[in-house]
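**Q** Just passing along the structure, written as structure tokens.
The values are calculated or read from the model by the stated rules, or taken from the named source; none is laboratory data. Bear in mind that the values here come from a model prediction, so they are computed numbers and not experimental data. Because the Cβ atoms are built from the backbone with ideal geometry, glycine has one as well, and the counts that use them run over all protein chains shown.
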């Protein structure tokens, strides 16, 4: 056993029960995601994560090798369900624009209803797309599905002619906007976000509606 391995395994879990170990791993990720949002990924220390999770710092090493491993798992989680959904919906019947809308509703709802605080992904995700990582593979599947749907929607006449790569970046911009809206207003708006993006891509300016909070309705 190397010194490095001994150091990583110095901490012990509170119990050896497998389900409890899974729960503790989840608690560590909850704490890490919250701190990443509050202080940024670079500004968060491992001892802060341990304290927030109610553990001693050495105990964290029983579940994660380092902070980067936590980040990659959270990134993978953020795209896990939606990437699978997007791959499956490509094989279904229906118009491409409707499928893309369904993916966007699913994605925004997933990001804003998660047990993890995922707002930090707004700045962390673009710098951490590793092709061979779990996150990278899931992101690539989601990205590919969206580009195919954009191209098909253009062919169907539902979207204006547009570079699919540009459309992809604008779509991510809309998702980021939805996460910001949720972070600062506490309101999840998957349906409104999807409608806003789809109608913007359709090129009908009269159909684009702005998000309105409770105060605006008074």
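**Q** Examine the stretch 119-138 for a residue that is over 24 Å from residue 194 (Cβ atoms), outside any helix (DSSP H, G or I), in the same structural domain as residue 171 (by TED's automatic domain parsing) and touching a residue at least 40 places away in the same chain (Cβ under 8 Å), and state whether such a residue exists.
**A** Looking for residues that are over 24 Å from residue 194 (Cβ atoms), outside any helix (DSSP H, G or I), in the same structural domain as residue 171 (by TED's automatic domain parsing) and touching a residue at least 40 places away in the same chain (Cβ under 8 Å), one finds at least one in the stretch 119-138, hence yes.
**Q** Follow-up question, since we're still on this one. Which condition from (1) in the same structural domain as residue 30 (by TED's automatic domain parsing); (2) in contact with a helix residue (DSSP H, G or I) (Cβ under 7 Å, 6 or more places away or on another chain); (3) surrounded by fewer than 17 Cβ atoms within 10 Å (Cβ to Cβ) is the one that residue 58 breaks?
**A** (2)
**Q** Could I ask something else about it? Within the set of pairs 6+ apart or on separate chains, which have a first residue in the stretch 161-172 that is at negative phi, a second that is not in a helix (DSSP H, G or I), and C-beta atoms under 8 Å apart?
**A** What qualifies is 167/159.
**Q** Residue 117 fails exactly one of the following numbered conditions: (1) closer than 24 Å to residue 48 by Cβ; (2) within 14 Å of the chain's Cα centre (by Cα); (3) at pLDDT below 95. What is the number of that condition?
**A** Tallying (1) closer than 24 Å to residue 48 by Cβ; (2) within 14 Å of the chain's Cα centre (by Cα); (3) at pLDDT below 95, residue 117 fails exactly one: (3).
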